[in-house]
């Protein structure tokens with residue numbers, strides 16, 4: 001299995017809702033990432049988990065809360081989002097450091113209304 | 001300041017017309033340079049990693065090369081299905097972060 005699976009593919013949520021994005025990989029990768037991508041821009045790093053521990057938090061607002069329940073799963077909990085948070089949210093994984101390249105999921109298209 | 005710059009922003013080619021995309025970088029402690037392909041609304045697809053100047057890698061119609069200051073992604077006899085945004089990124093030292101270029105949007109007309 002050489003895939004990173006993200007669910008849901010699309011999500012529309014109101015500013016008072018709580019939702020979660022899910023990511024799963026079974027490649028034995030020990031680093032997992034959340035990225036945010038706006039239209040016509042490169043991905044922006046949000047969080048890095050290394051060996052199931054949060055190692056990087058790129059000053060992301062607290063309305064985004066990551067969770068890594070085990071080495072194969074990564075969640076992103078969303079609460080009280082703003083319309084400007086609408087974007088493509090990408091999960092990725094890598095063997096260790098990204099020197100071997102990331103494997104990205106197909107993303108969740110999030111729209112905040 | 002560490003930086004990755006891709007050019008051109010957009011490139012329109014006729015099917016079969018070969019060309020190159022450029023990724024120039026200024027990074028201290030370069031560990032690797034990566035090329036990704038991204039289709040609209042999808043996650044980036046890994047293409048190549050280059051680690052040292054002089055290295056070359058090929059995949060189908062694509063060939064990536066690396067010098068001490070830049071990388072080129074050469075596309076030979078492209079087809080319409082090669083249309084996508086091509087992203088370049090670099091890693092430095094032993095860091096989990098990648099520095100990304102803004103991408104080149106490639107359009108191949110039949």
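The values are calculated or read from the model by the stated rules, or taken from the named source; none is laboratory data. Worth saying up front: this structure is predicted, and the values here are computed from it rather than measured. All Cβ positions, glycine included, derive from the backbone under ideal geometry; neighbour counts span all protein chains shown.
So for the range A:40-58 (the condition being part of a loop (DSSP other than H, G, I, E, B), over 30 Å from residue B:3 (Cα atoms) and touching a residue at least 40 places away in the same chain (Cβ under 8 Å)), does at least one residue qualify? No, the range A:40-58 contains no residue that is part of a loop (DSSP other than H, G, I, E, B), over 30 Å from residue B:3 (Cα atoms) and touching a residue at least 40 places away in the same chain (Cβ under 8 Å).
Here the condition is being within 14 Å of chain A (Cβ to nearest Cβ), out of contact with any helix residue (DSSP H, G or I) (no Cβ under 8 Å at 6 or more places or on another chain), farther than 19 Å from residue B:10 by Cα and surrounded by 14 or more Cβ atoms within 10 Å (Cβ to Cβ); of B:42, B:57, it holds for B:57 alone.
Name the residues in the range A:3-30 that are at the interface with another protein chain (Cβ under 10 Å from one of its Cβ atoms) and either under 12 Å from the mean Cα position of the chain (by Cα) or part of a loop (DSSP other than H, G, I, E, B) (or both), would you? Listed by number, the residues that qualify are A:4, A:6, A:9.
The number of residues in the range B:14-29 that are closer than 16 Å to residue B:65 by Cα and in contact with a strand residue (DSSP E or B) (Cβ under 6 Å, 6 or more places away or on another chain) comes to 7.
With A:88, A:81, A:110 as the choices, which residue is surrounded by 14 or more Cβ atoms within 10 Å (Cβ to Cβ), more than 8 Å from chain B (Cβ to nearest Cβ) and in a strand (DSSP E or B)? Give the steps one after another, and end with the answer.
Values: A:88 fails: more than 8 Å from chain B (Cβ to nearest Cβ); A:81 fails: in a strand (DSSP E or B).
Every option except A:110 fails the conditions.
Of all the listed residues (B:62, B:33), the sole one being away from every other protein chain (no Cβ under 14 Å) and surrounded by 13 or more Cβ atoms within 10 Å (Cβ to Cβ) is B:62. There is at least one residue in the range B:44-52 that is under 30 Å from residue A:49 (Cβ atoms), assigned to a loop (DSSP other than H, G, I, E, B) and in contact with a strand residue (DSSP E or B) (Cβ under 6 Å, 6 or more places away or on another chain).
Listed by first and then second residue, the pairs linking a residue in the range A:88-112 that is farther than 13 Å from residue A:37 by Cβ to a residue that is part of a helix (DSSP H, G or I) and modelled with pLDDT under 85, with Cβ atoms under 9 Å apart and 6 or more places separating them unless they lie on different chains, are A:94/A:100. Per the listing B:86, B:51, the residue uniquely at pLDDT 95 or above and either within 14 Å of chain A (Cβ to nearest Cβ) or touching a helix residue (DSSP H, G or I) at 6+ places or on another chain (Cβ under 8 Å) (or both) is B:86. Residue-level check: of (1) part of a loop (DSSP other than H, G, I, E, B); (2) crowded, with 22+ Cβ neighbours inside 10 Å, residue B:86 misses just (1). Within the range B:93-110, residues that are at positive phi sit with their Cβ atoms under 7 Å from residues that are modelled with pLDDT under 95 and part of a strand (DSSP E or B), at 6+ positions apart or across chains, in these pairs: B:93/B:31.
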